[in-house]
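*Asks:* Please read through the structure below; I'll follow up with questions.
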Amino acid sequence: MSNNSKKKAQAATAAMQGKKDRGSRTLIQLGVAAVLIALIAVIGFSIASKNSDDTATGATPSAVTADGAIRIGEPDADVVVTVVEDFQCPACKQFEALSGDTLSELTADNTIAVDYTPISILDRASSTNYSTRAANAGICVAEADMAAWPSWHEAMFAQQPAEGGAGLSDDELIAIAETAGVDSSELASCITDGSYNDFVATTTQTVLESGVTGTPTVSVNGTVVANPSPDGLRTAIADAK
Amino acid sequence: MKPARATAWVLTVGGFLGLLAALALTIERIELLQDASYVPSCSLNPVLSCGTVMTTEQAALFGFPNPIIGIVAFTVVLVTGVLTLARIALPHWYWLGLTLGTLLGAVFVHWLIYESLYVIGALCPYCMVVWAVTMPILVVALSQLVGNSRVGGLFVEWRWTILAVWYAVVIAAIGIRFSDYWATLVP
């Protein structure tokens with residue numbers, strides 16, 4: 001063998017060795033990546049499932065209707081206006097400003113009862129799940145003092161926080177309820193602990209499954225009112241009678 | 001060290017995708033300014049919502065929309081990728097500049113990921129394209145910069161593993177943060 005061809009043969013062996021090395025190194029790298037990713041996935045799943053376990057149990061309120069609504073007015077009224085709303089939803093605030101007084105008037109003279117169903121579909125719009133916390137506060141207030149609920153409800157929309165922020169704090173929610181006249185020793189802990197968060201989640205699920213696609217959804221005896229202005233509401237209520 | 005082919009391709013494709021996403025975000029922002037009721041093409045639901053994210057303060061950290069930075073920066077990355085594909089040798093200091101720039105970009109992107117997940121609470125699909133391309137661009141730029149040293153060689157060897165784990169961490173964070181939303185997608 002000439003010197004030259006010897007060198008060539010050596011180089012070829014070295015190259016093959018290099019390829020082999022590279023192959024096994026790639027395998028090691030793949031293995032390490034797979035193990036680490038699997039570890040991250042397991043940790044991720046365990047945290048996620050722990051989070052969802054948190055919403056599996058919870059208290060059931062007694063002051064609400066079978067549909068999870070807070071009924072204002074004559075309990076056995078012939079005409080029931082149902083308002084599905086989210087305390088974070090700007091359109092709900094507009095609805096309250098536009099038609100809230102009309103509903104209060106009609107409730108006051110016993111023409112109708114109003115079922116307010118607070119749901120939480122806009123938790124993403126705040127960094128603190130404000131929708132759920134506000135709806136929970138609604139049930140806390142209903143449990144503590146039904147008479148204070150309408151003015152509390154009005155105050156909540158008047159002080160609605162902007163979307164994309166941190167929402168109102170628990171202390172602010174408690175303050176609004178106290179200003180509305182709720183005087184209960186359990187109010188603060190009910191709001192702080194989120195006692196009815198799970199109930200709100202369940203109600204939200206049920207309401208969405210029933211075909212509600214957004215808030216506010218206003219219906220009269222089960223029929224959705226397309227134009228929930230004061231006039232539109234009065235017409236729909238008159239028709240339902 | 002001659003750049004690996006993979007480096008050239010990652011820079012070209014990553015730069016191109018990043019540029020597209022930054023352009024889309026800028027155009028959507030302008031549409032939104034002209035018509036406040038405009039719904040961006042990537043606002044699909046409360047979780048996947050460019051509109052929510054684009055209108056936050058974080059989306060214009062320096063007083064103007066962030067994607068304008070992206071248009072300039074990803075153009076540089078794209079051009080670098082094309083030059084490298086054409087086998088044009090770039091000096092060491094050029095790669096240093098590219099790596100430092102990309103490092104700043106990556107820091108910024110991770111701050112945005114944090115804000116998007118834990119403060120804003122919504123995901124913006126076009127922004128996520130930018131997140132996804134910034135990581136490999138940093139990895140290949142750094143590889144090219146440090147590839148000649150001993151420690152650097154080790155980094156180059158493990159770069160795809162590092163990238164994969166890095167992706168996994170970000171995906172896991174997104175998965176956990178919005179787990180109840182993802183759960184609704186599974187029947």
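Where a number appears in this text, it was derived from the coordinates with a stated rule and is not lab data. Just so we're clear, the structure is a prediction, and the values are computed from it rather than from any experiment. Here the Cβ is made from the backbone with ideal geometry for all residues, glycine too, and neighbour counts use every protein chain on show.
*Asks:* Just for the stretch B:47-66: of the residues that are in a loop (DSSP other than H, G, I, E, B) and either of a type in the set (A, V, I, L, M) or within 14 Å of chain A (Cβ to nearest Cβ) (or both), which one is surrounded by the most Cβ atoms within 10 Å (Cβ to Cβ)? Break it down stepwise before answering.
*Replies:* Start the filter on the stretch B:47-66 by keeping residues that are in a loop (DSSP other than H, G, I, E, B), which leaves B:47, B:49, B:55-56, B:61-66.
In the following step, the residues that additionally are either of a type in the set (A, V, I, L, M) or within 14 Å of chain A (Cβ to nearest Cβ) (or both) were identified as B:47, B:49, B:55-56, B:61.
Working: B:V47: 18, B:S49: 22, B:T55: 17, B:T56: 18, B:L61: 15.
Once the filter is applied, the top-ranked residue is B:S49.
*Asks:* Looking for something in contact with a Ser or Thr (Cβ under 6 Å, 6 or more places away or on another chain), in a helix (DSSP H, G or I), touching a residue at least 24 places away in the same chain (Cβ under 8 Å) and within 30 Å of A:R124 (Cβ to Cβ) - is there at least one such residue anywhere in the stretch B:79-99?
*Replies:* No; the residues of the stretch B:79-99 include none that is in contact with a Ser or Thr (Cβ under 6 Å, 6 or more places away or on another chain), in a helix (DSSP H, G or I), touching a residue at least 24 places away in the same chain (Cβ under 8 Å) and within 30 Å of A:R124 (Cβ to Cβ).
*Asks:* Still on this structure, I have one more. Scanning for something within 14 Å of chain A (Cβ to nearest Cβ), of a type in the set (A, V, I, L, M, F, W, C), in contact with a strand residue (DSSP E or B) (Cβ under 6 Å, 6 or more places away or on another chain) and surrounded by 15 or more Cβ atoms within 10 Å (Cβ to Cβ), does the stretch B:1-15 turn up at least one residue? Steps first, please.
*Replies:* Of all residues in the stretch B:1-15, those within 14 Å of chain A (Cβ to nearest Cβ) come to B:4, B:6.
If we keep only those that are of a type in the set (A, V, I, L, M, F, W, C) as well, we get B:4, B:6.
Then keep just the ones that are in contact with a strand residue (DSSP E or B) (Cβ under 6 Å, 6 or more places away or on another chain); that gives none.
Within the stretch B:1-15, none of the residues are within 14 Å of chain A (Cβ to nearest Cβ), of a type in the set (A, V, I, L, M, F, W, C), in contact with a strand residue (DSSP E or B) (Cβ under 6 Å, 6 or more places away or on another chain) and surrounded by 15 or more Cβ atoms within 10 Å (Cβ to Cβ).
*Asks:* Same structure, new question: I need the full set of residues from the stretch B:2-43 which are more than 25 Å from B:I88 (Cα to Cα) and aromatic (F, W, Y), in order please.
*Replies:* Correct list: B:Y38 only.
*Asks:* Still on this structure: Before we move on, is B:Y167 within 14 Å of another protein chain (Cβ to nearest Cβ) and over 18 Å from A:I37 (Cβ atoms)? Quick ask: steps written out before the conclusion?
*Replies:* On the way: within 14 Å of another protein chain (Cβ to nearest Cβ): yes; over 18 Å from A:I37 (Cβ atoms): no.
Taking the combined requirement at face value, the residue does not satisfy it.
*Asks:* In the stretch A:170-202, how many are touching a residue at least 40 places away in the same chain (Cβ under 8 Å) and over 20 Å from A:M146 (Cα atoms)? So that I can check it myself, show each step before the final result.
*Replies:* Applying the first criterion (touching a residue at least 40 places away in the same chain (Cβ under 8 Å)) to the stretch A:170-202 yields A:173, A:177, A:182, A:184, A:186-187, A:190-191, A:194-202.
With the extra rule that they be over 20 Å from A:M146 (Cα atoms), the set shrinks to A:198, A:201-202.
Here the count works out to 3.
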